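Engineer: First the structure, then my questions, so here it is.
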Amino acid sequence: MVFSIDKLEAELQALLHEDGAGLPFLTFQSLTDLQRRVSPEPLPTLRPRPTIADYDHDLALDPHPELDAFGHLRDTVLIGIRVGTISVDDLYYRVRPAVIALTVLLDPRVGGTGPELVRRIRHDAGCEPRPWAEAVVAVDSWSGSLHSLLRQRQEPTDPADRRLIPAVLSGLGDHLWRGSNILLALAPAETLAHIAADAAPTPVTGRVVSEPEAVRCARALLRIVSHVPLSQPVVDHALRPQASARVRLQLAANPLAPDVTLRSLLAFADREPGIAAAICMNEWASPALRLVAYRRLRVPQVRQRVRAALAPEVAVALDIEEMAAATAQEAHVVYALIRNLEPDLSPEARLFLYAHLARISGPEAVWNLELARTGSLEAVHPAVRASMESGALTPLLEAAVAAPYGGLRDQAVGDVGEVGALRREELLNWPFPFPDVADPVATPDG
């Protein structure tokens with residue numbers, strides 16, 4: 001954030017008129033806060049063996065808003081756990097805000113700390129869904145420890161914490177996961193139903209819910225479906241006809257929602273057209289699914305906007321479909337299109353097009369394309385080299401059959417790498433990198 005005199009003067013004027021009568025009103029604390037924003041403290045370098053005292057020291061700093069205080073504190077905890085200088089007790093009773101301690105469960109490098117922390121959480125929260133629901137709704141704004149969250153008792157804090165903790169929690173905006181989702185993945189399956197009932201109370205529940213509490217639960221519900229880790233109760237709730245259309249819309253736009261979930265949401269697309277548009281615009285959904293959603297769109301203006309967003313990803317597959325129908329008279333067009341599409345072709349798509357071009361014009365055109373692509377005879381594909389040695393197109397046809405091109409499925413770039421791994425359907429049942437700790441009432445050690 002660039003320092004601006006105009007912005008500083010505007011803030012100062014706002015502080016000068018804080019009282020209702022319009023009279024000048026400027027407290028020492030207001031001046032101190034303003035000075036901190038002008039001259040913020042830098043974040044310290046990560047220590048090789050941080051302790052919980054180091055964590056408390058860094059938490060008390062007031063860094064620039066653009067510095068990732070949340071990420072720094074989380075890294076401090078993770079390093080301390082790995083080297084043994086921060087214990088499970090520290091994590092459960094001392095680390096605050098609670099959401100930082102919860103994110104440890106998503107890291108595969110913390111050894112037995114993850115399962116032990118799950119045992120303690122489940123022991124304190126118990127088996128009844130109501131305490132879990134209250135903790136899930138509160139966690140992403142809770143300034144105290146995990147222990148205080150599950151007991152629903154805020155710990156005494158000094159006045160500075162009212163300023164510092166929100167600044168740390170604002171760093172959550174840079175991450176897709178939320179503490180509410182992490183807790184929900186550990187909670188009894190009925191927990192989300194309690195939150196949904198409080199968000200839209202009905203005579204069926206017999207529970208009187210105040211309007212502020214209903215709004216708070218409704219916001220938590222929307223936050224959960226639009227962040228990760230997703231869990232099966234979240235998906236099941238969204239697919240119920242009684243669920244809010246806005247819940248389904250947020251889930252359809254979630255970049256880590258599995259394709260099978262998005263496909264199920266399309267069942268509501270006729271009554272809720274925003275779902276099809278959201279899936280089309282979801283960059284990590286497979287292009288095949290996005291194209292299916294596109295065909296469900298009915299509003300011309302929406303179709304036009306979505307078509308522009310889809311074009312870069314489905315154009316390659318559509319061009320391949322057109323080339324597959326080309327005849328010998330159009331071989332020169334196929335040759336030119338393969339050359340132009342080369343950077344965007346998957347290996348299966350390239351072999352498919354090589355085989356088709358060899359069929360309609362002979363293998364020599366394929367040899368030229370592959371040599372131009374690789375730059376040397378040694379680097380060409382084995383099937384192309386075999387074709388060059390034999391003068392036949394049979395090796396090209398065999399290679400295309402052995403590694404078949406799957407159409408739009410082969411263009412599904414969103415299903416590869418780290419993001420693809422996070423979109424796996426099985427993570428809905430257990431998103432953590434260690435086996436489930438099945439006993440929810442186990443007595444914590446120590």
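Values quoted throughout were computed directly from the atomic coordinates according to the rules given, and no laboratory measurement underlies them. This structure is a prediction, so every number in the text was calculated from the model and none was measured. Counting neighbours? That spans all protein chains shown, and the Cβs are built from the backbone with ideal geometry, glycine included.
Engineer: How do Val228, Val83 line up, fewest other C-beta atoms within 10 Å first? Walk me through the numbers before you get to the answer.
Structural biologist: Numbers: Val228 23, Val83 12.
So the ranking, lowest neighbour count to highest, is Val83, Val228.
Engineer: Another question, if that's okay. Put +1 on the Cβ of every Lys and Arg and -1 on every Asp and Glu Cβ in the stretch 310-392; which of His381, Asn340, His356 then has its Cα farthest towards the positive end of the dipole?
Structural biologist: Towards the positive end, the residue furthest out is His381.
Engineer: Looking at the stretch 280-313, which trypsin sites (Lys or Arg not before Pro) are DSSP coil and have at most 13 other C-beta atoms within 10 Å of their C-beta? Let's see the in-between values first.
Structural biologist: Working: sites: Arg290, Arg295, Arg296, Arg298, Arg303, Arg305, Arg307; in loops: Arg295, Arg296, Arg298.
Listed in order of number, the matching sites are Arg295, Arg298.
Engineer: Hey, another quick one. Multiply the residue gap between Arg219 and Ala328 by 0.36 nm, knock off their C-alpha separation, and tell me the result in nm, one decimal place.
Structural biologist: Result for the pair: 33.2 nm of gain on full extension.
Engineer: Ordered by residue, what ³J(HN,Hα) values in Hz, to whole numbers, does the stretch 218-225 give under the Karplus form 6.51 cos²θ - 1.76 cosθ + 1.60, where θ = phi - 60° and Gly and Pro are x?
Structural biologist: The phi angles translate into 5, 5, 4, 4, 5, 5, 5, 6 Hz.
Engineer: 5 Å is the cut-off here: which amide hydrogens, built 1.01 Å from N in the peptide plane, fall below it relative to Val228, excluding neighbours closer than 5 in sequence?
Structural biologist: Residues meeting the amide H criterion: Trp177, Arg178.
Engineer: Something else: Which FRET efficiency value, to the nearest 0.05, do you get for Ala245 and Glu426 by plugging their Cβ-Cβ distance into 1/(1 + (r/R0)^6) with R0 = 22 Å?
Structural biologist: Details: r = 28 Å, r/R0 = 1.26.
So the FRET efficiency works out to roughly 0.20.
Engineer: Quick one: length gained pulling Leu176 to Arg271 fully straight, 0.36 nm per residue minus the C-alpha distance? Don't jump to the answer; show the numbers that get you there.
Structural biologist: Working: separation 95, 0.36 × 95 = 34.20 nm, distance 2.86 nm.
Computed gain between Leu176 and Arg271 is 31.3 nm.
Engineer: Could you give the distance between the Cα centres of the stretch 78-137 and the stretch 218-236, to the whole Å?
Structural biologist: Distance between centres, Cα-based: 20 Å.
Engineer: Return the ratio Rg/(2.2 N^0.38 Å) for the stretch 326-406, where Rg is computed over Cα atoms only. Don't skip to the end; give the middle numbers.
Structural biologist: Working: Rg = 11.4 Å, N = 81, 2.2 N^0.38 = 11.7 Å.
That ratio works out to 0.97.
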